[in-house]
Every structure is written in structure tokens, then in C-alpha cells.
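**Student:** Provided herewith is a single structure, encoded as C-alpha cells, for subsequent inquiry.
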Amino acid sequence: MTKTKKLSDNHKKLYHYTTWEGLDGILDSQCLWATHHKHSNDHSEGEVFKKQLLPFLISAIKNEIIKRDGIGVVKKANKCSAPIGGWEGVNKLEAEKYLDSMYSAFNDSFIGPFVFSFCAHLGAYEKEHGILSQWRGYANPGVALVIDAKKLEKLKTLEVAKYSKNHYAVALEKVVYEGDPENSFEKAFKKEIQGIENYYRALIVSPKPPPSAKLANKALNTLLRCTCLCKSQGFHEEKEVRIIAISSENGKEGKKKPKIDFRNDGRPYIEIFKDLGQKIPIEKIIVGPQNDQMRKYEALKLRTKGMHIDVVVSEIPYIGK
């Protein structure tokens, strides 16, 4: 049996860029604020996966309907539904309807998904100094936290155990970028596509009674997780890794659920790794390029004294505003 690879097998360190205030919050609380995915800085968030998945669902629906009703259904649809594109148009509308119903079911039954982001730098220079696009976003002033990925995976396991396992899921995975030739949508989400297709096939074969709750929940969890893992090619430079947390509204009686709080700007978030009795595995902090970089460096050395965290400065010559 082939052992499933963990993220830490390929990425030993993860990089989280934040402001000085964000750093203070993490050091003081030893938890991470995961923000609701609909409040990200990417207006296409959630739409990329849906667009990529649609052709696979259309194909699955076509095959299942022909299997159920016979090949004559194609001719009938072309004749009766010509204004909406005949057979092809009918199946496209059907697939869109099924997808919309899934997302609607999510809004009724689940909380989240909530997302916390890292970069997975590959080059030696990036690992030492960060990347300019991130410093531009966090340069007043900004820092990058270098985190041990293997220890973070252990924290993830403890986080899930803190709540009802059946109603709270936490993933730590790489983002897939639309149009990436090295990691195509079909290759990256092969098992997930098959799972969602199986659910839709079951719906077509036997809509009443509907597929089991177990099959439905599995398909829905998969859909939501992958929705947060597929992004526009425009963000490719970040090589993003995400923590994704999803909780059910219908938890078991007496079991805790993550509490939703709100930032000053109104964005909802949950605290991940809170009250675990463990520290966030920060190994190093890179002080980003800015006018008073060395003063910030000296201050941070004092702030982290005794925490066993290295503090260094980025050599990228960017001053910012």
C-alpha cells in the first residue's frame, strides 16, 4: 500500500506574511485567525473550481441519463429543447442546477469554509528574503513568519480532536492554479471529481429517496474544500498553501463548535489552534523591507527574547509608502 504523502514531505517550511499588529496577535494568543473564504482579496474566490468542475459533471450527467432513458433521449432533447441548445444545453442547465443546489445546501448546513494562508517558497532567495508582491501588501510595516510544516500538521490533528470529529474538518493543502500546465485541474482533483460525480449519478438514478446522508455530506465537504483550493492563475506567484476549516451547523449535542467572531472591518473569522496548550511552530521571523527596518528588527529581537525564534531582515530593496 502506497503511503499518502503529507504536505511537509515536500514543503518543510511555510511562510505567513502579516502586519506588526497581526504578529502581536499571534504571539500573544498562540492561535491563527482563519477568515471566511467569501471575504478574501480575490473576487473570483469560489468560482474557479465551479467553472472547472462543470464540464466533468455535464459529461457524467449525459452518460447517466442515456444509460437510464436510452439513446433516443438525445434526439428528443434536440427537438424539444432547441431554443436552449438542445441536448447539450439541457445537460449544461442540469449540471448548473445540481451545483447550485449543493452550494445552497452548504449555506443551510455548514459554517465556513474559513481560510488561513501561507506561501510555500521554493527558491533559496525567496526562502531567505520573501517575495516582493507580499511585501507590497504588508510593508507598513510587515513581517513573514517561517513555520515548521510538520509541527503544524500535528497541531491540525489536535485541532480536529478538540471538536466533534464528524462535524469539524481541517485541511492543510496546496492551492491549485487555473491553467497550470504542471498541475492540471483534472490531475490535482481526480479523486474529488469522481466523488462528486458519484453523488450526482446516484441522484439521477434514484432521486427519491435521495442518496444517503453519508454520501451527500462527503460530496459536499469535498466540494467546499476544493472550492477554496482552486484559484486564478494571477495569484500563482504566491504558491499558496491553505488551512481550510469547515464546521457543521448540526453538531452533536454537548459537543463544542468553533465560535465565529468578527474583525473591526466586519469580516468573520474563527480562531484555530486556540487553547491547545501548544505554541504555533514559528522558527524564524523575517522583517520586511521598510524605512525603519533595523529599528523594527531590534524591537522584534526584544519582543521574542526567550521564545527561541530567529529574527532576520529581508534584503529586498523596497521602501514602500
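**Student:** What residue, among those in the range 146-186 that are touching a helix residue (DSSP H, G or I) at 6+ places or on another chain (Cβ under 6 Å) and modelled with pLDDT of 95 or more, is nearest to LEU57 (Cα to Cα)?
**Tutor:** GLU153
**Student:** Could I ask something else about it? With the requirement that a residue be modelled with pLDDT under 90, within 19 Å of ASP42 (Cβ to Cβ) and crowded, with 19+ Cβ neighbours inside 10 Å, what does the range 107-140 give you?
**Tutor:** GLY112, PRO113, TYR138
**Student:** Exactly one of (1) over 30 Å from ILE65 (Cα atoms); (2) exposed (fewer than 15 other Cβ atoms within 10 Å of the Cβ); (3) of a type outside the set (Lys, Arg); (4) at pLDDT 85 or above is unmet by VAL143. Its number?
**Tutor:** The one condition VAL143 does not meet is (2).
**Student:** Here's something else I'd like to know. Which residues, taken from the range 277-292, are surrounded by fewer than 16 Cβ atoms within 10 Å (Cβ to Cβ) and either at pLDDT 95 or above or closer than 23 Å to LYS13 by Cβ (or both)?
**Tutor:** Across the range 277-292, the qualifying residues are GLN278, LYS279, GLU283.
**Student:** A further question on this structure: Can you tell me which of (1) surrounded by 15 or more Cβ atoms within 10 Å (Cβ to Cβ); (2) hydroxyl-bearing (Ser, Thr, Tyr); (3) closer than 30 Å to PRO258 by Cα is the one SER81 doesn't meet?
**Tutor:** (3)
**Student:** Looking only at the range 5-24, filter to residues that are part of a helix (DSSP H, G or I) and among the polar types (S, T, N, Q); which one of those is nearest to ILE243 (Cα to Cα)?
**Tutor:** SER8
**Student:** Still on this structure, please answer the following. How many residues are surrounded by 15 or more Cβ atoms within 10 Å (Cβ to Cβ) and under 13 Å from the mean Cα position of the chain (by Cα) if we restrict to the range 12-46?
**Tutor:** 8
**Student:** Separate question: Would you pick out the residues in the range 270-321 that are over 30 Å from VAL160 (Cα atoms) and touching a Lys or Arg at 6+ places or on another chain (Cβ under 6 Å)?
**Tutor:** If the condition is that a residue be over 30 Å from VAL160 (Cα atoms) and touching a Lys or Arg at 6+ places or on another chain (Cβ under 6 Å), then VAL287, VAL311 are the ones that fit.
**Student:** What residue, of ASN217, ASN250, ASN221, is under 14 Å from the mean Cα position of the chain (by Cα) and at pLDDT below 85?
**Tutor:** Result: ASN221 is the single residue among ASN217, ASN250, ASN221 that is under 14 Å from the mean Cα position of the chain (by Cα) and at pLDDT below 85.
**Student:** Here's something else I'd like to know. GLU94: acidic (Asp, Glu), buried (at least 17 other Cβ atoms within 10 Å of the Cβ), free of Cβ contacts under 8 Å to residues at least 40 places away in the same chain and touching a helix residue (DSSP H, G or I) at 6+ places or on another chain (Cβ under 8 Å), yes or no?
**Tutor:** yes
The values are calculated or read from the model by the stated rules, or taken from the named source; none is laboratory data. Model, not experiment: these values are computed from the prediction. Here the Cβ is made from the backbone with ideal geometry for all residues, glycine too, and neighbour counts use every protein chain on show.
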